[in-house]
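The values are calculated or read from the model by the stated rules, or taken from the named source; none is laboratory data. Being a predicted model, the structure only gives us computed values, none of them experimental. Using ideal geometry, Cβ is built from the backbone for each residue, glycine included, and neighbour counts are taken over all protein chains shown.
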Amino acid sequence: MVKKNKTIDELFEEALVPEEEQSYRVPDNWVWTSNKHILNKMISVNPNNFNEAYFCYIDVEAIDNKCQEVRSPKEIKSSEAPSRARRKVKKDDIVISLVRPYLRNIAKIKIDNKNLIASTAFYVCSVKKGILSDYLYYYLCSPLATKYLIDNTRGDNSPSVKSTDFEKMSVPLPSLNEQKRIAEKVERLLTKIEEAKQLIEEVKESFELRRAAILDKAFRGELTWEWRDEKKLANLYEVVDLVNIQNVRLEKFEKECSLVTKGKKKARYNKPVYFGEVKDEELNSLPVIPEEWKFSYLGNISEIVRGASPRPAGDPKYFGGNIPWITVAEITKDEGIYLEHVSAYLTEEGAKKSRHIQEETLVLTNSGATLGVPKILKISGCINDGSVAFIELTNVSKDYLYYFLQTQTKKLRSLKVGAAQPNLNTSIVNQIIIPLPSLKEQREIVRVIELLFEKEIKAEHYSTVNSILNDIKQSILSKAFKGELGTNDPLEENAIELLKEVLQQNEK
């Protein structure tokens, strides 16, 4: 029995989204349809059957999801094609990853290559005649489309959207002329936003360079030379005494031991270790500092201890109490000097498996991609094994040390100690060399740094505009597909006729 073809009216009724299922109201001369009815069927190919030796491959990694563009397609031998290289794609098609759609890996293809293949992680959107590719591209980039995809994501290990669910996605459809006007205006507005973002990045980079220059001068003694001259004239200048620092550390330790012996308290730290004077061969590679200053190893001015983590992670025996759990993620979550609160906590049993640190302690991350970030604690709590703490700083301002460690971050990351991920053990941190003025001059240096940073920080605030610009971008994309950008002509033909023309096309 021959299957009867549906009439155009029947196809039209199927293509229309019922009013009760429409996400929001659109202008009267628009219609709601779905992806299934405006897209051609995807074409599957096998690169092994190509005559050419190589093909151009677009996988998810090739997409820059910040600007929704293809940035790094791969040239691959046809004989070595990955099993997922099966989606035929051409210039002006849109690829959208249905795996973890919240990442927004979407791009319009600008590459003109007959041997262009995309991963099966993508849905390849090839629009029918009467549908503007740019219009659909911007719609798929909008928060309206993203919300639908997230709501229809399934699975735990590799959360994704089914192709059939993507095809059911509702799309507001205006006339072809209105699609063009919307796409052109959105592109114009988004270009201005990207230009503004670029200017902000330039300001931020400039700020970072000026900040680095200030810190460089600070630890060469160039910010306080006038202060030193004034103190010298008044016979009030103090020269740093490394021997005295060691004596003070020993006295503190002996006093601590006597109290422990008497049962009045528990020992807080170990006997100070002296790492000796900085070696001549190391001094030769260090910058010139005032003659009254001295270079010292960090291990000579503080005990450096590493944190510890209860195992297994997440065990309710150890986690979920009321003792702050200070992790690398907490320390690096912002660029501020201080850590004032955390989101996770340990139990008393968990604290026994970790290392408890008092407030006002300086800590430094010592592992992972965010290695070498200092922070001053404004809370007491337990630090995990991804950080070290500086205990019993002697004749050294923690703020001075904080700013000095900021100058060492790049150097520490370049060491790349460890196999699976970069890691600094306490021995390495103990051997970091610091330029030391007297405690009074350290405090003066911190005062001048913060005064200069306060003037510069206004420039840094421009970076916060980025989030505002992102909000504006999302607002533009939302308004565009509600007919609220001021482009719609209510006297223009109804999109009903356009949709009927689209439905009559033979799918490619």
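Assorted remarks:
- Total residues in the stretch 119-148, condition among the polar types (S, T, N, Q), in contact (Cβ under 8 Å) with a residue 60 or more places away in the chain and touching a helix residue (DSSP H, G or I) at 6+ places or on another chain (Cβ under 8 Å): 2
- Filtering V171, V186 for residues that are under 25 Å from I476 (Cα atoms), touching a strand residue (DSSP E or B) at 6+ places or on another chain (Cβ under 8 Å), surrounded by 17 or more Cβ atoms within 10 Å (Cβ to Cβ) and β-branched (V, I, T) leaves a single hit, V171.
- Scan of the stretch 58-82 for residues that are surrounded by 15 or more Cβ atoms within 10 Å (Cβ to Cβ), among the small types (G, A, S) and outside any loop (DSSP other than H, G, I, E, B), ordered by number: A62, S78
- Number of positions in the stretch 205-220 that are closer than 24 Å to I472 by Cβ and either surrounded by 16 or more Cβ atoms within 10 Å (Cβ to Cβ) or not assigned by TED's automatic domain parsing to the domain that holds T464 (or both): 1
- Residue that is nearest to T120 (Cα to Cα), among those in the stretch 152-168 that are within 24 Å of the chain's Cα centre (by Cα) and surrounded by 10 or more Cβ atoms within 10 Å (Cβ to Cβ): S160
- Qualifying positions in the stretch 460-486 - touching a Phe, Trp or Tyr at 6+ places or on another chain (Cβ under 9 Å), at pLDDT 90 or above and charged (D, E, K, R): K482
- Condition check for Y345: over 28 Å from the mean Cα position of the chain (by Cα) and touching a residue at least 12 places away in the same chain (Cβ under 8 Å): no
- Candidate set from the stretch 8-23 (those that are in contact with a Ser or Thr (Cβ under 7 Å, 6 or more places away or on another chain) and within 15 Å of H37 (Cα to Cα)); member that is surrounded by the fewest Cβ atoms within 10 Å (Cβ to Cβ): L16
- Matching residues, the stretch 98-118, being part of a strand (DSSP E or B) and either farther than 13 Å from V70 by Cα or free of Cβ contacts under 8 Å to residues at least 60 places away in the same chain (or both): V99, I106, A107, K108
- Filtered residue count, the stretch 416-436, keeping only those that are part of a strand (DSSP E or B) and modelled with pLDDT under 95: 1
- When S72, S78, S126, S83 are checked against the criterion of being of a type in the set (S, T, N, Q) and within 30 Å of Q504 (Cα to Cα), a single residue qualifies: S126.
- Test: residue in the stretch 355-364 that is at pLDDT 95 or above, in contact with a Phe, Trp or Tyr (Cβ under 7 Å, 6 or more places away or on another chain), surrounded by fewer than 19 Cβ atoms within 10 Å (Cβ to Cβ) and assigned by TED's automatic domain parsing to the domain that holds T327: no
- Scanning the stretch 338-360 for residues that are farther than 14 Å from I304 by Cα and part of a strand (DSSP E or B) yields Y338, L339, Y345, L346.
- Just one of (1) among the hydrophobic types (A, V, I, L, M, F, W, C); (2) assigned by TED's automatic domain parsing to the domain that holds Y345; (3) touching a helix residue (DSSP H, G or I) at 6+ places or on another chain (Cβ under 9 Å); (4) modelled with pLDDT under 90 fails for I457. It is (2).
- Residues (touching a strand residue (DSSP E or B) at 6+ places or on another chain (Cβ under 9 Å) and of a type in the set (G, A, S)) located in the stretch 131-154: S133, A145
- Condition met for V95 (modelled with pLDDT of 90 or more, in a loop (DSSP other than H, G, I, E, B) and buried (at least 19 other Cβ atoms within 10 Å of the Cβ)): no
- Pairing each residue of the stretch 291-303 that is under 16 Å from V388 (Cβ atoms) and in the same structural domain as S427 (by TED's automatic domain parsing) with any residue that is surrounded by fewer than 21 Cβ atoms within 10 Å (Cβ to Cβ) and of a type in the set (D, E), provided the two are 6+ apart or on different chains, yields C-beta distances under 9 Å for Y297/E277; N300/E277; S302/E392; E303/E392.
- Within the span defined as the stretch 121-139, every residue fails to be in a loop (DSSP other than H, G, I, E, B) and within 21 Å of E20 (Cβ to Cβ).
- Of all residues making up the stretch 297-337, the number that are touching a Pro at 6+ places or on another chain (Cβ under 8 Å) and either within 30 Å of K204 (Cα to Cα) or assigned to a strand (DSSP E or B) (or both): 2
- Exactly one residue among Y102, Y148, Y54, Y138 is over 18 Å from N40 (Cβ atoms) and buried (at least 22 other Cβ atoms within 10 Å of the Cβ), and that residue is Y138.
- From the list V278, V342, the one residue that fits, being closer than 23 Å to D216 by Cα and surrounded by 13 or more Cβ atoms within 10 Å (Cβ to Cβ), is V278.
- Selection status of I182, more than 30 Å from L436 (Cβ to Cβ) and either in contact (Cβ under 8 Å) with a residue 60 or more places away in the chain or of a type in the set (A, V, I, L, M) (or both): yes
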